[in-house]
Amino acid sequence: MQVSRPVHASLVVNQSTELTRMRYQPDNRDFAADVRSHVDVFLIPKYTKNMPFRLVDTYTGLILEQSDIVSLLKMRSDYNAKLEAVVWEAEHLAAPIDPECPSQRPKLDHLDSFIAEYLAYAMFSHRWRGREPTFDDVRKATHGIYSMDDKDLVEEFTQVFHLPKDQVSDLPSGIEKLQEFCCLAAKCGFRWAWTDTCCINKKDYAETSESINCMFLWYRSSDLTIVYLDDVDEVKEGRLPAVDDEDGSRWFEDPEVRKPLPPPDPLVPTPSDTYIETLQTKPYLSLHARLRNGTSPQLRSVQPDSQVETPHLQTHLIDNFPSGEDCKLMGKYRKLPIWVTRGWTLQEMIASKRLRFYSKRWTLLEEAEDFDTDEEEGKISISSFRYRARLVDHRANDIWKDALVNTTGVPVEDLVNFKVGTRDIRSRLLWAARRTTTKVEDMAYCLLGIFDISLPAMYGEGPRAFFRLQEELMKRTGDVSLFDWSGRSSSVNTFLASGPECYMIPNLPDPALDDSTDSIFWMIMDLFCAIFQTVWSGVKAALSEATVWIKNIMKSPPPGHALVNGELNVSLFEHRVRCCERLGNPTSNDTYHHYKLEVDGLVPTMVTFASHASDLMNNPTQYYLCRAWNRHTQKVFHIFLELVEYVLKDTWKEFWSSDGDSEPESWKRKWRLNHMEWITDCPKAITKDEAENDPESKLREDMQMKRKEVFRFFKCAFPVYLVHVRDGHGIRVNTVNRVVSDYSKFDFTMPVVTQLIL
């Protein structure tokens, strides 16, 4: 037997005292290390993960790596003061920082805001002109970009392109434009700025490819995008006098910049030796020094911004941003800024948080409005950054919004709040249809961020870049509008377009479509009879047989489309061409050749070619007009089957019990007399009294809305593809016009086929 030992009272008292002492003993953990770790792991990467690899210091004129910028942040005295406040807060609360709930620390929130203010950067959107300063040019200028002279680049430009000396003065000034942009970014309250001319090392293939794929994200993560319109004059009339700050020099002078660098901290990474050596020993020319010493030439952007009265700005934008109706197609425009015609500026316009436009003399093109920004300025801790609170997104202005929408074709919703993805592919490709790029490959690369797609940049592949973009889009989405194009086909696959310009609708006549109610009624009747046959006596057998077959075809999801072994697998509805008639008086000087096609199940359809289609005239039955089978089509036919079932249950009983008439025309007339109103009239809203008296009213209202969607599908025009069948394979016929057609009837006996398009 085990005997328990007695517990003495003195032992119990000693244990209680020890627990109490441990409970109130101060925590010896290193809270400073916890805070630094949280800042380095969570706070700073939150803003640097979407930041460009390198930026230009708008104060010193030097180019810095991202790691240098973070190191300079940690060397600032105001940053360290806020960091110490966070450490004190952690020690006072005697608890480490919880990464999931950091908002419970006010001091930590202040540090987070300070880091966001310091790491904010401005982007540059412009048109390249001649010899722009490159990454190597800025790196060689150890005294900063504000000390660089255009003569060095001009001499190199004339030697490379063998230009006479008398044309040197007419060359665009790339260095001056870079200096003006950096000065303007500093004036707007940003120490860091990015431009595609000198912030990308284009000799490094890997960096160039990664920059192209990240560029949309960089613009979206920036706080400001400055748009320089080098071919738009300034507004001279109606310009209001500029109102500067009481201390007009504070926007370009950060006290921390002129302080000597402290000795390196072992816990803080030191910036690169080149940058440290320049700051400590070499006489670089800062922006402040250039403005204070009056170095020639003077920068125009240093002048305070002034606004323009509304009528004068509106007239100016109408003259310089004409609507699409006033512009010619295929890249030739009337008085249109070249910035609107470039491919890369499309993503810069829709990705940026704030967009501000400046004329060729660096004057602001902004409508005169009063803004109370005192409260917003008070939230910014760094005094030289407080001008940011006055920056207004020009896309939010009605005058600018109308000018950009009419000129670019981008809807207001996407212009102000664009969402990346593969939704509505054709519309987004249409935005780029009238834009151009210097390199053929860039026409595809500039669209990667819009569709949220990553592709390795391979300069030299030519038009294959756009083919690779379409191939990637086919992997991501089943949107068949990708195939709705006209013009020159891709050299890889004739069912794909050669470039975005193929998605532009040519200025050619479209076929006249029959939109009468009677034709729609008989089209539905033909469809109904095709399902259940036209023989009244065999309706039961036809119903059971058709139901199984239709469910297998119509209710199953579309298989999609894919490119395999050079062949494009697409599910299509086939409509055979019966005859072809040439329209107009053909002559040898005709630019376009028009033909009228009689097609099974479709209204007469007109197609247009750039050359005479003799084979189509001689052998029309070898051609088909095909409509792509997609999820929307599947949804419509699924709804249609529900409507048929509803009609059978609700109205078929009177025909089912009667003797009936085996003649199809007589059967149609009976069905039309009893149900013409239900088929052709628009749905009427059911009143509250009708809903209470009729328990099935809600079901009937739902069926009416579904009927409306089905009729809209059959009444609206849609694009079709003209296919020539040879040896079981389809070959895309290159047309100039979009082939648009409409249903005259729909025959369910024509199967949904999978057609291989070479």
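For the stretch 307-323, taking the residues that are open to solvent by 20 Å² or more (accessible area, probe 1.4 Å) and in a loop (DSSP other than H, G, I, E, B), the one that is farthest from Arg388 (Cα to Cα) is identified as Ser323.
Give the stretch 639-650 a look and list any residue that's at pLDDT below 75 and open to solvent by less than 70 Å² (accessible area, probe 1.4 Å), or say none. Answer for the stretch 639-650, where residues must be at pLDDT below 75 and open to solvent by less than 70 Å² (accessible area, probe 1.4 Å): Phe640, Leu641, Glu642, Leu643, Val644, Tyr646, Val647, Leu648. Looking only at the stretch 352-374, decide whether some residue is at pLDDT 90 or above, in contact with a Ser or Thr (Cβ under 8 Å, 6 or more places away or on another chain) and β-branched (Val, Ile, Thr). Scanning the stretch 352-374 turns up at least one residue that is at pLDDT 90 or above, in contact with a Ser or Thr (Cβ under 8 Å, 6 or more places away or on another chain) and β-branched (Val, Ile, Thr).
Conditions tested, residue by residue: (1) of a type in the set (Ser, Thr, Tyr); (2) part of a loop (DSSP other than H, G, I, E, B); (3) open to solvent by 80 Å² or more (accessible area, probe 1.4 Å); (4) modelled with pLDDT of 80 or more.
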residue: Glu207; (1), (2), (3), (4): no, no, no, yes
residue: Tyr219; (1), (2), (3), (4): yes, no, no, yes
residue: Val243; (1), (2), (3), (4): no, yes, yes, no
residue: Glu246; (1), (2), (3), (4): no, yes, yes, no
residue: Thr278; (1), (2), (3), (4): yes, no, no, no
residue: Lys282; (1), (2), (3), (4): no, yes, no, no
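When the stretch 454-479 is filtered for residues that are open to solvent by less than 20 Å² (accessible area, probe 1.4 Å) and closer than 15 Å to Asn569 by Cα, the ones remaining, listed by number, are Gln470, Leu473, Met474.
For the stretch 403-414, filtered to residues that are in a helix (DSSP H, G or I) and in contact (Cβ under 8 Å) with a residue 40 or more places away in the chain, the residue that is most open to solvent (accessible area, probe 1.4 Å) is Asn406. Residue selection: Asp484 satisfies the criterion of being modelled with pLDDT under 90, crowded, with 21+ Cβ neighbours inside 10 Å and on the phi < 0 side of the Ramachandran plot. Residues that are within 22 Å of Asn569 (Cα to Cα) and either in contact with a Gly (Cβ under 9 Å, 6 or more places away or on another chain) or surrounded by fewer than 21 Cβ atoms within 10 Å (Cβ to Cβ) (or both) within the stretch 613-624 comprise Gln622, Tyr624, listed in sequence order. For the stretch 380-402, residues that are in a helix (DSSP H, G or I) and over 26 Å from the mean Cα position of the chain (by Cα) total 7. Pairs are defined by a Cβ separation below 7 Å, a sequence spacing of at least 6 or placement on different chains, a first member in the stretch 72-95 that is under 16 Å from His38 (Cβ atoms) and at pLDDT 90 or above, and a second member that is surrounded by 14 or more Cβ atoms within 10 Å (Cβ to Cβ) and of a type in the set (Gly, Ala, Ser); no pair meets this definition.
One line per residue, one yes/no per condition, for (1) of a type in the set (Gly, Ala, Ser); (2) under 34 Å from the mean Cα position of the chain (by Cα); (3) open to solvent by less than 40 Å² (accessible area, probe 1.4 Å); (4) at pLDDT 75 or above:
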| position | (1), (2), (3), (4) |
| --- | --- |
| Leu699 | no, no, no, no |
| Phe713 | no, yes, yes, yes |
| Leu722 | no, yes, yes, yes |
| Val736 | no, yes, yes, yes |
| Ser741 | yes, yes, yes, yes |
| Ser744 | yes, no, no, yes |
| Pro751 | no, no, no, no |
| Gln755 | no, yes, yes, no |
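For the stretch 42-96, the set of residues classified as closer than 20 Å to Cys182 by Cβ, in a helix (DSSP H, G or I) and aliphatic (A, V, I, L, M) consists of Ile69, Leu72, Leu73, listed by residue number. Only residues that are out of contact with any Leu (no Cβ under 8 Å at 6 or more places or on another chain), over 16 Å from Asp112 (Cβ atoms) and open to solvent by 20 Å² or more (accessible area, probe 1.4 Å) were counted in the stretch 35-89, giving 5. Those helices (runs of 4 or more DSSP H) of the stretch 422-511 in which at least 3 residues are closer than 30 Å to Ser741 by Cα, considering only elements entirely within it, cover 425-431, 464-476.
The values are calculated or read from the model by the stated rules, or taken from the named source; none is laboratory data. The model shown is predicted, which means the values in this text are computed figures rather than measured ones. Positions of Cβ are backbone-derived with ideal geometry, glycine not excepted, and every protein chain shown enters the neighbour counts. Protein only, heavy atoms only, side chains kept; ligands, DNA and RNA dropped before computing areas. Shrake-Rupley method; radii C 1.70, N 1.55, O 1.52, S 1.80 Å.
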